[in-house]
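Input: a single structure, listed below in C-alpha cells.
The values are calculated or read from the model by the stated rules, or taken from the named source; none is laboratory data. On a predicted model such as this, the values are computed, not experimentally measured, just so you know. When we count neighbours, we look across all protein chains shown, and the Cβ atoms used for this are built from the backbone with ideal geometry, even at glycine.
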Amino acid sequence: MDFTGKRVLITGASRGIGKACAQAFAERGAKVAINFVRNEDAARATLAGLPGEGHILVQADVSDPSTIEGLIADTVTGLGGLDIVVNNAGVSQYHPIDAVNYEEWQAAWDRILAINLCAPANVIYWATQYFRKIGGGRIVNVSSRGAFRGEPEQPAYGASKAGLNAMTQSLAQKLASDNIYLGVVAPGFVETEMVTHVLEGEKGDAIRNQSPLGRVAQPEEVAYAVIFLAAEETKFSTGTIIDVNGASYLRG
C-alpha cells in the first residue's frame with residue numbers, strides 16, 4: 001500500500017501503537033502529524049525516527065473539546081492538508097465497582113469516556129468539516145477487544161470502546177455519500193512500553209496464553225491493520241471492525 005503524498009494525523013502518537021502507526025505511514029510515503037499532550041521528548045524522538053520529510057508535531061489535549069478545532073487547523077497548515085485521521089489516543093483505569101467509592105467511580109467514567117469516546121467524536125467532527133471541503137477522507141479508530149468480551153475490572157473502558165465501535169459504524173453510514181470512510185481496529189493485549197511491567201510480572205504467562213499463539217500483539221501488527229483500513233483500495237470496507245487479538249477472543 002502506497003501513501004505517497006497523503007497527510008496523516010495520529011492522536012497519541014508519541015509511543016506505543018501510535019508510534020508504530022506513524023512509522024508505518026511514513027515508510028509508505030505519507031507525511032505524518034504526531035499529536036501529543038505532555039511528553040514532548042517522546043514525541044520528538046518518534047518524529048526524529050520517521051523516514052521521509054515534512055512530518056510535524058501537534059500538541060493538544062484531545063480530552064479538552066476546545067482544542068480540537070485548533071488541532072485540525074494546525075495539522076492542515078503544517079502538513080499542507082489532511083487526508084487520514086487515526087484516533088489512537090486512549091486510557092484505561094481499574095475501577096472495580098466493588099472496590100471504589102462513588103467519587104472514584106464517577107471520576108473514572110468521566111476521564112475514560114472523555115478521552116476514549118468523546119475525544120474521537122470531536123476529532124471526527126472537525127476533520128469531517130475539512131474532508132467535506134476537499135471531497136473526502138479516511139478515519140480509523142483504535143478500539144479494543146474489551147468492547148466485545150467485557151471488562152469487569154474497568155467497565156468504563158469496555159463501554160467507551162463499545163461506544164467507539166457503534167459511533168464509527170453509524171458515521172460510516174452517514175458519511176459515505178461524502179466520500180468519508182471509517183473503520184475500526186480492535187486489538188487485544190499489545191506489548192508496549194506502558195505494559196512491559198505487567199508482561200514481566202506474575203500475570204505475564206497467563207496474558208500471553210490467552211492467545212493460542214502464546215504471545216501478545218506487537219504494535220506493528222496493529223499498525224498494519226490501521227494502514228489497511230486507511231488505504232484507497234479498501235474504501236468498500238467502510239464500517240469494518242478488524243480484530244487483532246491472536247484469536248484470544250472470537251466474536252460471532
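Residues in region 197-245 that are under 20 Å from Arg149 (Cα atoms) and touching a Lys or Arg at 6+ places or on another chain (Cβ under 7 Å): Arg208, Gly214, Arg215, Val216, Asp243, Asn245. Residues being of a type outside the set (Phe, Trp, Tyr) and more than 20 Å from Glu233 (Cα to Cα) are entirely absent from region 176-185. Listed by position, the helices (runs of 4 or more DSSP H) inside region 179-252 whose residues that are touching a residue at least 60 places away in the same chain (Cβ under 8 Å) and touching a strand residue (DSSP E or B) at 6+ places or on another chain (Cβ under 6 Å) number at least 1 are 219-230. When region 92-142 is limited to residues that are of a type in the set (Lys, Arg) and within 16 Å of Ile180 (Cα to Cα), the one that is surrounded by the fewest Cβ atoms within 10 Å (Cβ to Cβ) turns out to be Lys133. Taking the criterion of being free of Cβ contacts under 8 Å to residues at least 40 places away in the same chain, surrounded by 15 or more Cβ atoms within 10 Å (Cβ to Cβ) and not aliphatic (A, V, I, L, M), the only residue of region 152-178 that qualifies is Gly158. Considering region 8-30, the residues that are surrounded by fewer than 24 Cβ atoms within 10 Å (Cβ to Cβ) and basic (Lys, Arg) include one that is modelled with the highest pLDDT, namely Arg28.
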